[in-house]
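Encoded as structure tokens, the structure appears first; notes follow it.
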Number of protein chains: 2
Amino acid sequence: MVDKLIERIIELQNPACVGLDTDFNYLPEEMKRDVSTFEEVSERIAEFNMNIIDKISDIVPSVKVQVAYYEMYGHAGMQAFEYTLNYARGRGLIVIADCKRNDIGSTAGCYSKAYLGKTDINGKKTRAFAADMLTVNGYLGYDGIKPFIEDVTAHDKSIFALVKTSNPSSGEFQNLKLENGKFIYEQMGELVQEWGKTTVGKYGYSEVGAVVGATHPEEAARLRKQMPNTFFLIPGYGAQGGSAEMLKVCFDKRGLGGVVNSSRGIICAYKNPQYSGMTYSEAARAACIDMQQDLLGAIGKMGR
Amino acid sequence: MVDKLIERIIELQNPACVGLDTDFNYLPEEMKRDVSTFEEVSERIAEFNMNIIDKISDIVPSVKVQVAYYEMYGHAGMQAFEYTLNYARGRGLIVIADCKRNDIGSTAGCYSKAYLGKTDINGKKTRAFAADMLTVNGYLGYDGIKPFIEDVTAHDKSIFALVKTSNPSSGEFQNLKLENGKFIYEQMGELVQEWGKTTVGKYGYSEVGAVVGATHPEEAARLRKQMPNTFFLIPGYGAQGGSAEMLKVCFDKRGLGGVVNSSRGIICAYKNPQYSGMTYSEAARAACIDMQQDLLGAIGKMGR
């Protein structure tokens with residue numbers, strides 16, 4: 001799936017990813033009125049997402065749907081999550097389920113079926129949460145990752161494993177130094193590069209990507225060098241303080257190597273005075289175009 | 001919540017936890033017949049769990065519900081998960097949601113609301129997946145854990161962070177040595193002990209526990225020494241190869257310090273020739289009693 005994402009990035013000249021971290025509180029007042037149950041919330045969130053997706057699917061290659069914002073509304077929220085994934089895929093977007101799942105082998109296998117593969121019921125195979133790509137956490141080592149890699153290969157999907165996260169205290173653990181001279185995040189990066197080596201596609205990137213925060217340019221630059229075959233999912237742009245200048249180190253000479261996520265900067269753009277007078281979906285589109293220009297200005301043309 | 005769990009462990013003289021990792025394929029043939037949709041699967045799983053819970057709630061203090069086995073059946077599966085948590089709590093069991101959730105601050109906050117706290121909708125607060133305790137992954141550092149600790153304190157809950165997991169390849173990452181002489185799992189253990197220090201209860205254990213696999217007794221013994229205030233959730237007993245003799249190092253002189261999980265060994269006990277002629281719930285109860293005797297034999301009386 002990483003080749004498809006790269007092709008779409010080149011086609012649209014846009015390495016952006018829109019984060020549908022749709023907290024109910026982000027919705028315009030008129031959409032929040034008279035809502036009190038998880039079912040009602042979930043319908044409104046799905047409607048909000050649909051309208052955003054309709055306005056951006058011709059200019060953005062991918063969306064990232066952060067499951068935590070749906071889980072907090074119970075199983076009804078998960079229905080909105082399911083619906084959003086399907087709707088976005090139906091509109092031709094490549095859909096990243098941001099779930100950071102992790103467990104031991106057999107249980108990791110269940111997560112993999114849930115998001116990337118299929119669940120078998122008496123011989124009938126059905127998809128649960130139909131994503132194209134999934135974020136995972138590699139703390140448990142290879143046998144917690146292997147089930148995902150099997151589904152990635154069988155169903156043309158991708159995963160992104162956490163390497164260097166965008167949050168302020170990520171260094172508390174990830175930037176400790178190992179006896180071998182590497183930082184923990186570098187060591188995780190090396191494992192991720194290794195786990196992906198049998199799935200390298202035609203652009204030189206594998207189906208096992210890495211999450212590398214835009215907020216840590218020094219670490220990102222080291223990782224880009226050490227992980228030449230690893231595609232990056234780059235959170236932290238915009239609201240979290242990462243800029244296009246900071247994250248351009250994640251890209252190779254062809255302007256390829258990652259997708260840059262922005263969540264609040266796009267879905268809450270209608271609250272930004274810069275986009276006043278627009279509906280939330282118009283503002284989201286305008287913010288996507290501004291983000292694209294900003295990224296292109298720093299990274300340059302994609303696929304050159 | 002750790003004090004309540006310890007009191008119930010002493011009362012029942014049982015440090016066991018029953019893992020409701022209820023794969024549909026584990027159900028007896030007659031329960032699987034004529035089932036083809038996620039909704040039907042989820043009803044049968046909930047029914048199976050209810051019958052097990054009814055048969056064990058007077059002899060076992062806690063259950064651990066592994067969410068991956070529900071997520072793979074989509075939002076309908078999550079409804080069965082929700083139902084199972086509520087049913088078990090209604091029967092007086094302390095319920096551990098095994099979700100290994102992890103994310104940056106604001107998103108970790110959503111997960112925390114989903115499992116430990118409450119979700120606000122226009123001022124009305126509702127619980128989504130009502131657990132007592134939740135497993136988390138500390139790879140992102142303190143600001144990914146803080147939102148959980150806030151809810152733990154506000155709502156009398158607990159969390160368990162992954163430290164040394166029970167899977168065969170856990171050492172690939174967790175047993176690498178740091179420059180400071182500690183293994184990665186020890187360093188994570190130290191962070192976990194530190195994160196919990198303001199929540200130590202009357203038995204000397206904090207609300208921030210650690211997941212420590214029964215399959216790695218050497219590491220478990222080191223961690224017990226280094227983390228005197230950290231309560232352990234101990235997976236890996238039974239089907240994964242961990243024995244009572246191997247895991248007794250996790251307990252202190254009072255016979256306290258952890259809960260030992262068994263999943264397949266209990267819920268699939270009806271397939272074991274040892275329990276032939278019993279229904280699945282009778283077999284689960286018999287297997288719980290055998291497990292209790294096995295643990296008591298190795299650890300000794302609890303609360304002495």
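The values are calculated or read from the model by the stated rules, or taken from the named source; none is laboratory data. Source: prediction; values computed, not measured. Cβ atoms come from the backbone with ideal geometry, glycine included; neighbour counts cover every protein chain shown.
Residues that are in a helix (DSSP H, G or I), over 23 Å from B:Q292 (Cα atoms), within 11 Å of another protein chain (Cβ to nearest Cβ) and modelled with pLDDT of 95 or more occur at least once in segment B:60-68.
Criterion applied to B:D21, B:D98 was being under 14 Å from the mean Cα position of the chain (by Cα), part of a loop (DSSP other than H, G, I, E, B), at the interface with chain A (Cβ under 9 Å from one of its Cβ atoms) and not aliphatic (A, V, I, L, M), and the one residue passing it is B:D21.
For segment A:109-162, filtered to residues that are surrounded by fewer than 24 Cβ atoms within 10 Å (Cβ to Cβ) and in contact with a Pro (Cβ under 7 Å, 6 or more places away or on another chain), the residue that is modelled with the highest pLDDT is A:G109.
Could you please let me know if B:A221 is at negative phi and in contact with a Phe, Trp or Tyr (Cβ under 7 Å, 6 or more places away or on another chain)? The answer is no for B:A221. Residues in segment A:26-42: is at least one of a type in the set (F, W, Y) and either in contact with an Asp or Glu (Cβ under 6 Å, 6 or more places away or on another chain) or over 21 Å from B:G117 (Cα atoms) (or both)? No - not one qualifying residue is present in segment A:26-42.
Residues of segment B:101-122 that are of a type in the set (A, V, I, L, M, F, W, C), at the interface with chain A (Cβ under 7 Å from one of its Cβ atoms) and either over 30 Å from A:K32 (Cα atoms) or part of a loop (DSSP other than H, G, I, E, B) (or both): B:I104 alone. Before we move on, is B:A80 buried (at least 24 other Cβ atoms within 10 Å of the Cβ), in contact (Cβ under 8 Å) with a residue 24 or more places away in the chain, of a type in the set (A, V, I, L, M, F, W, C) and more than 30 Å from A:G236 (Cα to Cα)? So B:A80 passes the test.
In segment A:1-42, of all residues being of a type in the set (S, T, N, Q) and in contact (Cβ under 8 Å) with a residue 60 or more places away in the chain, the one that is surrounded by the fewest Cβ atoms within 10 Å (Cβ to Cβ) corresponds to A:Q13. Is it the case that A:N25 is among the polar types (S, T, N, Q) and closer than 13 Å to A:A284 by Cα? Judged against the criteria, A:N25 is not a match. Meeting the requirement of 3 or more residues that are in contact with an Asp or Glu (Cβ under 6 Å, 6 or more places away or on another chain) and more than 10 Å from chain A (Cβ to nearest Cβ), no strands (runs of 3 or more DSSP E) wholly within segment B:123-189 can be named. For segment A:289-304, a residue qualifies if it is surrounded by 22 or more Cβ atoms within 10 Å (Cβ to Cβ) and out of contact with any Pro (no Cβ under 9 Å at 6 or more places or on another chain), and exactly one does: A:M291.
Residues in segment A:74-91: is at least one under 23 Å from A:T165 (Cβ atoms), among the hydrophobic types (A, V, I, L, M, F, W, C) and either assigned to a loop (DSSP other than H, G, I, E, B) or facing another protein chain (nearest Cβ under 7 Å) (or both)? No, segment A:74-91 contains no residue that is under 23 Å from A:T165 (Cβ atoms), among the hydrophobic types (A, V, I, L, M, F, W, C) and either assigned to a loop (DSSP other than H, G, I, E, B) or facing another protein chain (nearest Cβ under 7 Å) (or both). Would a scan of segment B:43-56 turn up a residue that is polar (S, T, N, Q) and free of Cβ contacts under 8 Å to residues at least 12 places away in the same chain? Scanning segment B:43-56, I find no residue that is polar (S, T, N, Q) and free of Cβ contacts under 8 Å to residues at least 12 places away in the same chain, so the answer is no.
Please determine, by comparing only the residues of segment B:38-59 that are within 22 Å of the chain's Cα centre (by Cα) and within 14 Å of chain A (Cβ to nearest Cβ), which one is farthest from A:K125 (Cα to Cα). By that ranking, first place goes to B:A46. Considering B:V35, B:V2, the condition of being within 8 Å of chain A (Cβ to nearest Cβ) and among the β-branched types (V, I, T) is satisfied by B:V35 alone.
Only one entry in B:N229, B:N272 is modelled with pLDDT of 95 or more and touching a Phe, Trp or Tyr at 6+ places or on another chain (Cβ under 8 Å), namely B:N229.
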